[in-house]
Amino acid sequence: MNVPPGSSAALVDAVVTGRSPDDLDLRVYVPLAPGDRTERPITVDQTNISVVVGERVVVKWMRSPGDARAPRLLAHLAAAGFARMPTPHAAALRNGELVALVTAFLPAAEDGWDWCTGDLLSWLDGGPPADFAPALGTLAAELHAALATYDPTSTIAAPTAADTLAEALAHDDDPWIRSIAPLIETDISLLSDYRSPSPSLHLHGDLHVGQILRYRGGHLAVTDFDGNPTRTAHPEPAARDLAQLRTSVLHVAEIANRRTEGRHRQTLLGWGRRAADDLLAAYRAGLDDHGVPHLLDEKLLRPFEVEQECRELIYAARFLPRWRYAPLGVLRSWYG
């Protein structure tokens, strides 16, 4: 998808005036005042295309217009008082499908692939501890407590974990991956017929550290509610989001390992295990604080985490081949 210069500023102008462009249905949630219209793209790896306008808002254009779940979730979260996200200003739809989102721009914001990795590399170089994992767990618990009050309007049949493994194998002909397929299948088998006592929620759906922004003042905010680009979103247990967030911390360790050319491999593996455990402990405490400990069924964590690495291989094959090293490194730490 190509976004012509000026298109993002024009959409922001439409939000300011409250008048929909001719070919779009514009839904304004939080009004905007007139301001600077200067555009600049966000260049980090992402599934969609984001443009900052006037250093005050971000326009995210969907490469493939689709279900408008993000505006629905953002509107619910805002009504529920969840403030740890960029303010949702508007959504643009065409024929009922989401085309673009307009949200507040957070000053000096970095996504977690940058700030988490930076903190970890700094620690390896003698800096302060990279102890951000508890804050991630607390944020995830607050998010899920707010999402738990969202009333699902529909459910759809979910692909099975076996389907995910089969697709990963179809994309990846590495003999080692194929050799551990029976072990993966055993670890994810619980997902086939287990009936979890925890409720299914409309989750974030793609909750990894890259969706956690750290901005001016050290504050954290969660962003990007479009769902996982490898799967259609549907209600699932909270353990799904938590599993992906925990494995993304392990991916941070893999990024740091690559950038240090393997010199700290064992140290990073140990850090990753501790960070994932610290994140889980903070998440449990956060659910307790919000009075919703029943949202987490820990029996689902391991199978969801293993399946997530299969999803990461699929994502790498479809969208970002150079990312393959990260899930491969995690799988080797588990099965190697």
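A single member of Leu279, Leu287, Leu313 is assigned by TED's automatic domain parsing to the domain that holds Leu245, closer than 14 Å to Val249 by Cα and part of a helix (DSSP H, G or I), and it is Leu279. The set of residues from region 75-92 being within 18 Å of Asp25 (Cα to Cα) and either modelled with pLDDT of 90 or more or surrounded by 22 or more Cβ atoms within 10 Å (Cβ to Cβ) (or both) comprises Pro88, His89, Ala90, Ala91, Ala92.
Considered as a group, the residues in region 165-222 that are among the charged types (D, E, K, R) and over 19 Å from Phe319 (Cβ atoms) include one that is surrounded by the most Cβ atoms within 10 Å (Cβ to Cβ), and that residue is Arg214.
Taking strands (runs of 3 or more DSSP E) as the structural unit, those lying wholly within region 1-53 and holding at least 3 residues that are not β-branched (Val, Ile, Thr) correspond to 25-28, 39-41.
Just one of the listed residues (Val209, Val222) is over 29 Å from Tyr335 (Cα atoms), outside the structural domain of Gly66 (by TED's automatic domain parsing) and touching a residue at least 40 places away in the same chain (Cβ under 8 Å), and it is Val222. I'd like to know if region 106-121 contains one or more residues that are touching a residue at least 24 places away in the same chain (Cβ under 8 Å) and closer than 30 Å to Asp22 by Cα. Yes, there is a match, as at least one residue in region 106-121 is touching a residue at least 24 places away in the same chain (Cβ under 8 Å) and closer than 30 Å to Asp22 by Cα. If you go through region 29-48 and pick out every residue that is farther than 27 Å from Ala79 by Cα, surrounded by 13 or more Cβ atoms within 10 Å (Cβ to Cβ) and under 23 Å from the mean Cα position of the chain (by Cα), you end up with 3.
A single entry from Leu313, Leu328 fulfils the requirement of being out of contact with any Cys (no Cβ under 9 Å at 6 or more places or on another chain) and crowded, with 23+ Cβ neighbours inside 10 Å: Leu313. Screening Ala158 with (1) at pLDDT below 90; (2) within 22 Å of the chain's Cα centre (by Cα); (3) not in a loop (DSSP other than H, G, I, E, B) gives one miss only, at (3). In the condition set (1) buried (at least 21 other Cβ atoms within 10 Å of the Cβ); (2) under 29 Å from Gly35 (Cα atoms), Phe132 is compliant with all but (2).
Quick grid of which residues meet (1) more than 23 Å from Tyr194 (Cα to Cα); (2) in a strand (DSSP E or B); (3) of a type in the set (A, V, I, L, M):
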{"site": "Arg214", "(1), (2), (3)": "yes, yes, no"}
{"site": "Gly217", "(1), (2), (3)": "yes, no, no"}
{"site": "Leu220", "(1), (2), (3)": "yes, yes, yes"}
{"site": "Asp226", "(1), (2), (3)": "yes, no, no"}
{"site": "Ala233", "(1), (2), (3)": "no, no, yes"}
{"site": "Arg240", "(1), (2), (3)": "no, no, no"}
{"site": "Leu245", "(1), (2), (3)": "no, no, yes"}
{"site": "Leu250", "(1), (2), (3)": "yes, no, yes"}
{"site": "Ala253", "(1), (2), (3)": "yes, no, yes"}
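Restricting the first member to region 313-336 and to residues that are closer than 12 Å to Pro229 by Cα, and the second to residues that are crowded, with 18+ Cβ neighbours inside 10 Å and of a type in the set (Phe, Trp, Tyr), the beta-carbon pairs closer than 6 Å and six or more apart or on different chains are Ala316/Trp323.
Selection of region 93-128 for residues being part of a loop (DSSP other than H, G, I, E, B), surrounded by fewer than 16 Cβ atoms within 10 Å (Cβ to Cβ) and touching a strand residue (DSSP E or B) at 6+ places or on another chain (Cβ under 7 Å) yields Pro107, Ala108. If you check Leu74, Leu32, Leu93 for being under 30 Å from Leu279 (Cα atoms) and of a type outside the set (S, T, N, Q), only one passes: Leu74.
Being surrounded by 19 or more Cβ atoms within 10 Å (Cβ to Cβ) and either over 24 Å from Ser198 (Cβ atoms) or at pLDDT 95 or above (or both) is a property that holds for Gly286.
Against the test of being part of a helix (DSSP H, G or I) and out of contact with any helix residue (DSSP H, G or I) (no Cβ under 7 Å at 6 or more places or on another chain), the options Leu268, Leu328 yield a single qualifying residue, Leu328. When Leu139 is tested against (1) modelled with pLDDT of 95 or more; (2) surrounded by fewer than 18 Cβ atoms within 10 Å (Cβ to Cβ); (3) within 25 Å of Ala282 (Cβ to Cβ); (4) out of contact with any Pro (no Cβ under 8 Å at 6 or more places or on another chain), exactly one condition is not met: (2). A Cβ distance below 8 Å, combined with a sequence gap of six or more or placement on separate chains, defines the contacts here; from region 34-58, residues that are touching a residue at least 12 places away in the same chain (Cβ under 8 Å) and closer than 14 Å to Thr103 by Cα reach residues that are in a loop (DSSP other than H, G, I, E, B) and among the charged types (D, E, K, R) in the pairs Val53/Asp36; Val53/Arg37; Gly54/Asp36; Gly54/Arg37; Glu55/Asp36; Arg56/Asp36.
The values are calculated or read from the model by the stated rules, or taken from the named source; none is laboratory data. As the structure is a computational prediction, the values presented were derived from the model and not from experiment. Quick reminder, even Gly has a Cβ in these numbers, built from the backbone with ideal geometry, and neighbours come from all protein chains shown.
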